[in-house]
Each structure stands twice: as C-alpha cells, then as structure tokens.
Amino acid sequence: MEIKKTTLNQIEIFEISGRIDANNANDFEKILVQSIEEGATKMIADLTNLEYISSSGLRVFLLIAKKIGKNGFIYLCSLQPQVSQIFNISGFNNIFSIFENREDALSKA
Amino acid sequence: MDLSNVKIMVVDDEVDLEPLIRQKFRHKIRNDEYNFVFAHNGLEALAKLIEHPDIGVILSDINMPEMDGLTLLLKLKELKNPSLKTVVVSAYGDMDNIRTAMNRGAFDFLTKPINFEDLEITINKTLEEIWQQRNAMKEHDQLISIQQDLSVAREIQQAILPKTFPPFPNRKDFDIYASMVAAKEVGGDFYDYFMIDNDRLGFVIGDVSGKGVPAAIFMAVSRTLIRATGVKGMPAGECLHYVNNLLCNESVSCMFVTVFYGIMNMKSGELEYTNAGHNPPYILSHDGSLIKLEATGNTILGCFEDHIYNTKKIQLNPNDDLFLFTDGVTEAFNKQGEIYTDERLEKLLLSVNNLPVNEIVNKIVNDVDQFAQGVPQSDDITMLNIKYFG
C-alpha cells in the first residue's frame with residue numbers, strides 16, 4: 001500500500017495504491033486519522049490504483065466517515081471493478097458517495 | 001532507553017578511589033550521564049545491589065577484604081541477571097586472576113593504575129551493551145505477547161465453531177459440512193447452524209473486520225446473539241435487525257461483521273434469508289446449474305443502528321446444495337499476486353453438484369490451496385455447504 005496526499009482548495013486528496021488488508025489497515029487508519037486530527041474535514045480517496053481492499057480496510061473508511069461526521073465528507077472515486085464489487089457486496093456503495101472519477105468528486109465537493 | 005537510569009557501582013577497598021572518580025567524571029556526573037554507587041568489598045557490593053536495583057555496570061577490584069572480586073563474580077553469576085555486566089580491575093600483568101574473572105563471566109577487564117580515558121571508553125561500551133540487551137529483551141517480550149494474543153483469538157474461534165459432522169445424524173432430509181482454515185493472524189470468520197423447530201434449520205456464516213482478540217470477541221458475541229435470536233423463529237431480516245441494534249452498542253472503533261443468515265424449511269423446501277454485506281452464496285441446482293443468491297440490499301452488522309434488513313425467499317428442489325463462503329476463498333492470492341476470483345469458484349462449483357457435502361467442500365479447499373502455491377493466507381478461508389434432500 002502506498003498513499004500520496006495532495007491538497008486542493010482545502011480538500012485533502014489521498015491517492016491510494018496497492019492492497020489494503022488486515023496487515024496494513026492500521027497504518028492506513030493512522031494516516032487518515034492524523035489528517036482529521038490536524039483539522040481536515042474534506043477528503044477524497046482516489047482509488048484508481050487500489051487493487052484490493054479487505055474488510056479491515058472498509059472499517060477504516062467507515063471510521064473516518066464517522067469521525068468527520070456532518071462537518072465534512074469523505075468521497076471515494078475511480079474504483080477498479082474488483083474493488084467496486086467489494087463495496088457492492090458489503091453494501092458500502094449505499095453508505096459512501098462514490099464517483100466515477102476525481103473531477104466528478106471535486107465538482108460535488 | 002535513557003542510559004543515565006543505569007547506575008555504575010565501583011567496588012574497591014581503596015578509599016581514595018571514590019573522590020578521584022567523582023573528580024575525574026564530575027562533568028558527566030553533573031550532566032546525569034553517569035550515576036555512581038560505591039562499595040568497598042564484595043559483600044557490601046551485594047547489599048548495594050539490593051538497595052539499587054538499577055545498577056547495570058559493576059567495576060570491581062579483585063583483592064578486597066570480606067569478599068574478594070572473584071567470589072563476588074561467582075555470587076553475581078547466581079543472580080542470573082544478563083543485563084548486569086562486571087568489569088574487573090586488576091594489577092597489570094595479573095593474567096591468572098584476569099583469566100579466572102573472565103571464566104566466571106566478567107564482561108571486560110581494566111588494569112591498574114587506572115587510565116581514566118580507557119575507563120570511560122569501557123564504561124560507555126558496557127552501557128551500550130546493556131542498552132542493546134534490554135532492547136532485545138523488550139522486543140522479545142512484545143513478540144511473546146503478540147503470539148499469546150493470537151493463540152487466545154484462535155482458541156475463541158475454534159471453541160465456537162461446530163465441528164462434528166454430520167451435525168444432525170438422525171436427519172435424512174438434509175446434510176451439512178463446513179470447513180474453516182484459519183489465517184495465521186485469525187481473521188474472525190465463523191459459521192453456525194441450529195434447529196429452530198422440527199422443520200426449520202437456521203444457519204449463518206460471517207466475517208468480522210479486523211483480527212486478533214478484539215475481532216474474536218466480537219465474533220463470539222455476534223454468533224451468540226444470532227443463535228439466541230434465531231432460535232425464536234422470527235423472519236431472517238427481523239432477526240438481523242434485532243442483532244444489529246445490539247451489536248451497535250458493542251462495536252468499538254467501527255468494528256463490524258458481514259453476515260448471511262438463512263432459514264431453510266426442510267418440509268417445504270423454502271429458503272428465506274437476509275444478507276448483511278456478505279458474499280452472496282450459491283445454489284448448486286440438482287440439474288447442474290448455478291444460482292447466485294440475490295442481495296437483499298443491506299449492509300454490515302454493528303455500525304448503523306435501526307437499519308432495516310429485508311428478507312427474500314427462494315424455493316429449493318430436492319438435491320439442491322446451498323454453498324456459503326467467506327471472502328478468504330475468492331480473495332486468496334497466489335505468488336503472482338492474482339486473485340482466486342468468483343469465476344474460478346463458479347467454474348469449480350459447476351463440476352461438483354451431486355457429490356456428497358464433504359466432497360464438495362474439500363474439493364474447493366484443495367483447489368484454493370493449489371491456487372495459492374504456498375502463499376500464506378491473509379484471511380480465514382471458510383465454507384459451509386447444506387444439501388437439501390427433500
């Protein structure tokens with residue numbers, strides 16, 4: 001797993017690549033939670049290069065959404081088919097705002 | 001670790017040594033880099049060790065009244081404290097005593113008259129060695145505690161999974177077989193089944209997010225709540241609605257569980273179910289076709305209070321199999337980083353209908369194992385197969 005963070009108009013964009021599973025979900029959580037503790041309320045997770053996410057990774061997204069609450073958002077975009085399928089099976093596609101691409105996500109932000 | 005916490009004990013009957021050392025190392029003493037304790041013979045040194053348990057380095061003379069340095073070394077050896085290091089100080093050329101001291105476990109030696117530059121190097125080297133050793137011990141302790149954590153999680157998981165097959169040997173109208181191969185860091189998979197009444201079998205398969213003891217406890221709580229609620233015989237969706245609200249109170253830091261809960265009526269062949277974010281099971285039809293059970297439009301248990309779980313129904317035919325699994329099956333990885341996939345599972349399932357329940361499950365267990373080419377599992381691999389004879 002690799003995470004590249006950029007900021008655009010006070011929106012933090014995380015480009016996540018590789019795999020998120022039980023072995024690195026804690027690191028993933030730390031990085032996102034740290035951003036929130038530093039005051040971030042608007043996040044976009046760009047999953048263009050995310051190959052796989054396990055339930056431990058889904059839990060982190062859920063935790064972040066709860067931490068941000070109504071004061072902001074976490075949008076997801078550019079899900080590969082196999083990642084999209086994991087979101088659909090778990091029902092997370094109905095919980096998160098998921099966009100086709102980064103431009104769409106930014107335009108709704 | 002702060003090395004100033006490690007005290008240095010100087011053991012020598014020469015009373016002039018203490019002021020000399022205090023003078024030579026006054027800067028280091030003032031800066032708290034060195035913290036000295038003084039004793040004048042071996043016996044007194046042992047007493048000081050009890051008084052100052054933070055002594056790490058001992059600089060000891062050999063010829064002393066009451067108890068000499070060589071005897072002190074023997075006594076220190078009995079303490080079996082590996083992070084206690086003794087440096088002996090001996091007359092120049094006293095090779096016999098130095099050899100004896102080294103054989104009795106001395107860490108190093110110095111010769112008299114003391115060269116203070118050399119003494120400082122020796123003290124620093126000894127402190128460094130103690131630091132490394134204590135660090136290694138700390139890491140070792142952490143490793144042990146992680147291993148204990150894992151074995152507790154594994155025990156919880158193994159204790160709640162039913163493992164006797166066939167589970168209902170008197171029933172000729174259905175058969176059940178299940179398999180759970182745990183990942184090294186237990187993933188939190190579980191399955192369960194129970195008779196609601198004479199006709200209806202309740203069954204569940206689930207996967208808790210996360211690993212270790214917290215996940216194992218959440219799994220045990222989930223399984224217990226589903227079973228206790230399920231045996232009351234309420235519709236599948238209602239059952240998970242009730243369990244979900246209870247689990248929402250238990251869940252810390254958004255831990256959740258995906259669950260498929262079904263009720264099979266052995267008299268009518270009707271299957272009702274609800275799916276809380278779990279991989280959809282398959283019906284291996286008696287005619288060889290494969291049906292993926294439609295989702296009920298629901299999500300995981302444990303996070304969203306008052307989520308309404310829908311119940312769907314489907315009619316089974318005699319000799320149909322219901323095959324349930326967790327994502328450890330379809331998301332197994334091989335050396336090339338490829339995923340096992342739903343497609344590979346479906347292809348295999350199409351070739352196994354009409355086999356007994358245990359053979360169906362074992363064929364898939366073996367195929368996943370072959371596919372993974374020895375790559376360690378990152379998740380538990382769990383399957384449950386129920387054959388309806390009618």
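Below 8 Å, C-alpha to C-alpha, sequence gap of six or more: please give me the relative contact order for chain B in percent.
The value is 13 percent.
At q = 0.10 Å⁻¹, what is the base-10 log of I(q)/I(0) for the protein assembly as shown according to the Debye formula with one equal point scatterer per Cα and no solvent? Please give it to two decimals.
Those come out to -0.79, one per q.
Select from the range B:170-232 those trypsin sites (Lys or Arg not before Pro) which occupy a DSSP coil region and have at most 12 other Cβ atoms within 10 Å, ordered by residue number.
B:Lys172, B:Lys184, B:Lys232
Normalised by the number of residues in the range A:2-108, what is the relative contact order in percent for Cα pairs under 8 Å and 6+ residues apart?
Over the range A:2-108, the number comes to 25 percent.
For the range B:161-388, what % of the accessible area comes from carbon and sulfur atoms, probe 1.4 Å?
Its accessible area is 50 percent carbon and sulfur atoms.
How big is the dipole moment of chain A about its Cα centre under a simple scheme where the beta carbon of each Lys and Arg is +1, that of each Asp and Glu is -1, and everything else is neutral? Debye, nearest 20, please.
So the magnitude is around 340 debye.
Filter the trypsin sites (Lys or Arg not before Pro) in the range B:264-325 down to the DSSP loop ones having no more than 13 other Cβ atoms within 10 Å, then list what survives.
Those that pass, being in a loop and sparsely packed, are B:Lys267.
In whole angstrom, note down how far apart the Cα centers of the range B:185-213 and the range B:335-390 are.
Going from one Cα centre to the other spans 18 Å.
Quick check on chain B: helices-only [θ] at 222 nm, where DSSP H runs of length 4 and up contribute -39,500 (n - 2.57) each and the sum goes over total residues. Nearest 500, please.
Rounded to the nearest 500, it is -12500 deg cm²/dmol.
How big is the accessible area of B:Val181 in square angstrom, nearest 10, if you roll a 1.4 angstrom probe over the protein chains?
It works out to around 60 Å².
Which of the three applies to the range B:226-327, rounded, prolate or oblate, going by the alpha-carbon gyration tensor with a ≥ b ≥ c and a/c under 1.5 meaning rounded?
prolate
Can you say what percent of the DSSP beta bridges in chain A, counting only those with both residues inside, are antiparallel? Round to 5.
Around 30 percent of the beta bridges assigned by DSSP in chain A are antiparallel ones.
Is the range B:161-388 rounded, prolate or oblate when judged by the Cα gyration tensor, a ≥ b ≥ c being the square roots of its eigenvalues, rounded requiring a/c under 1.5 and prolate requiring a/b larger than b/c?
oblate
With the Cα gyration tensor of the range B:1-123 in hand, convert its eigenvalues to equivalent ellipsoid semi-axes via √(5λ) and list them largest first in whole Å.
Taking √(5λ) for each Cα gyration eigenvalue gives 20, 17, 14 Å.
Scan around B:Val37 for amide H atoms under 5 Å from its own, H built in the peptide plane at 1.01 Å from N, and keep only partners 5 or more places away or cross-chain.
Those qualifying (amide H under 5 Å, at least 5 residues apart or on another chain) are B:Ile8, B:Met9, B:Val10.
Using only helices, what value at 222 nm comes out for chain A when you add -39,500 (n - 2.57) per DSSP H run of length 4 or more and divide by the total residues, to the nearest 500 deg cm²/dmol?
Roughly -12000 deg cm²/dmol at 222 nm, from the helical runs in chain A.
At most 11 other Cβ atoms within 10 Å and a DSSP loop assignment: could you name the GluC sites (Glu not before Pro) in the range A:12-72 that fit?
For GluC sites (Glu not before Pro) across the range A:12-72 that sit outside H, G, I, E and B with at most 11 neighbouring Cβ atoms in 10 Å, the list reads A:Glu38.
How large is the dipole of the range B:329-390 about the Cα centre if only Lys and Arg carry +1 and Asp and Glu carry -1, each at its Cβ, rounded to the nearest 20 debye?
220
Among B:Phe323, B:Thr126, A:Ala109, flag the residue with its Cα farthest along the positive direction of the charge dipole of the protein assembly as shown, charges on Cβ as +1 for Lys/Arg and -1 for Asp/Glu.
B:Phe323
Once you sort the root eigenvalues of the Cα gyration tensor of chain A as a ≥ b ≥ c, which label holds: rounded (a/c under 1.5), prolate (a/b larger than b/c) or oblate (the other case)?
Rounded shape, in that the Cα axes give a/c under 1.5.
Report for the protein assembly as shown the percent antiparallel among DSSP-assigned beta bridges with both residues inside it, nearest 5.
Just about 60 percent of them are antiparallel.
Please provide three numbers in whole Å: the alpha-carbon extents of chain B along the principal axes, with the largest listed first.
Result for chain B: principal-axis Cα extents of 100, 42, 38 Å.
Once the dipole of chain A is set up with Lys and Arg at +1 and Asp and Glu at -1 on Cβ about the Cα centre, which of A:Asn88, A:Ser55, A:Gly72 lies farthest towards its positive end?
A:Gly72
The values are calculated or read from the model by the stated rules, or taken from the named source; none is laboratory data. Keep in mind the model is a prediction, meaning the values are calculated, not measured. Quick reminder, even Gly has a Cβ in these numbers, built from the backbone with ideal geometry, and neighbours come from all protein chains shown. Side chains included, ligands, DNA and RNA excluded: accessible areas come from the protein's heavy atoms. Shrake-Rupley method; radii C 1.70, N 1.55, O 1.52, S 1.80 Å.
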